[in-house]
1. Which residue, chosen from Met55, Leu41, Met12, occupies the Cα position most advanced towards the positive end of the dipole of the chain, where the dipole is computed from +1 (Lys, Arg) and -1 (Asp, Glu) charges on Cβ about the Cα centre?
2. Filter the DSSP H helices in the chain by two things, a Kyte-Doolittle mean of at least -0.5 and an axial alpha-carbon span of 18 angstrom or more, and list the hits by number.
3. Given the convex hull over the Cα atoms of the chain, what projected area results after averaging over all orientations, in nm²?
4. Suppose every K and R has +1 on its Cβ and every D and E has -1 on its Cβ; what is the size of the dipole of the range 6-85 about the Cα centre, in Debye to the nearest 20?
5. Calculated FRET efficiency, Thr61 and His6, Cβ-Cβ r, R0 30 Å, to nearest 0.05?
6. Could you tell me the distance between the Cα centroids of the range 2-29 and the range 30-49, to the nearest Å?
7. Within the range 27-85, list the chymotrypsin sites (Phe, Trp or Tyr not before Pro) lying in a DSSP loop whose Cβ has at most 15 other Cβ atoms in a 10 Å radius.
8. From the helices alone, meaning DSSP H stretches of at least four residues, give me the mean residue ellipticity at 222 nm for the chain, per-run term -39500 (n - 2.57), in deg cm²/dmol to the nearest 500.
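What follows is calculated from the coordinates using simple rules that are stated; it is not laboratory data. Computed from a prediction, not measured in an experiment: that's the story for all the values here. Please note: Cβ atoms are built from the backbone with ideal geometry, for glycine as well, and neighbour counts cover all protein chains shown.
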Amino acid sequence: MPFDIHNYFEDMVMKEIQQRLNNGELEKEEDYLGDIACVALNQLPARYVRHNVDMVFYMTTEEREQNVEIVENAVITAIDYVNKHRHNERPQTINQ
């Protein structure tokens, strides 16, 4: 395709995970971190953009702060979920 799109929240989730990894809160295991990212992103709305500035430009400061908070909460929930289920053969869904 001649254009590049991505979910606006992907970068925010990756930065939040990286920050927690740098703080020693997470294990440095690729599958573990990938599972956390996937579970966190599945909790967030899909917001596809070509450039993050496309979305940020139209947001208020309050909306940007709310996005940071929902990303932090999604990552926290994802970490808890993955930690509880990572050694199970087939975990229940997050909603159960």
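1. Leu41
2. Helices meeting the span and hydropathy rule in the chain are 30-43.
3. Working: hull surface 31.1 nm².
Mean projected area of the Cα convex hull: 7.8 nm².
4. 160
5. Details: r = 23 Å, r/R0 = 0.77.
Result of the calculation: an efficiency of 0.85.
6. Taking the Cα centre of each part, the range 2-29 and the range 30-49 sit 9 Å apart.
7. Numbers: sites: Tyr32, Tyr48, Phe57, Tyr58, Tyr81; in loops: Phe57, Tyr58.
When the chymotrypsin sites (Phe, Trp or Tyr not before Pro) of the range 27-85 are filtered for loop state and at most 15 Cβ neighbours within 10 Å, Phe57, Tyr58 remain.
8. Details: 4 runs with 59 residues, N = 96.
Taking each H run of at least 4 residues, the total per residue is -20000 deg cm²/dmol.
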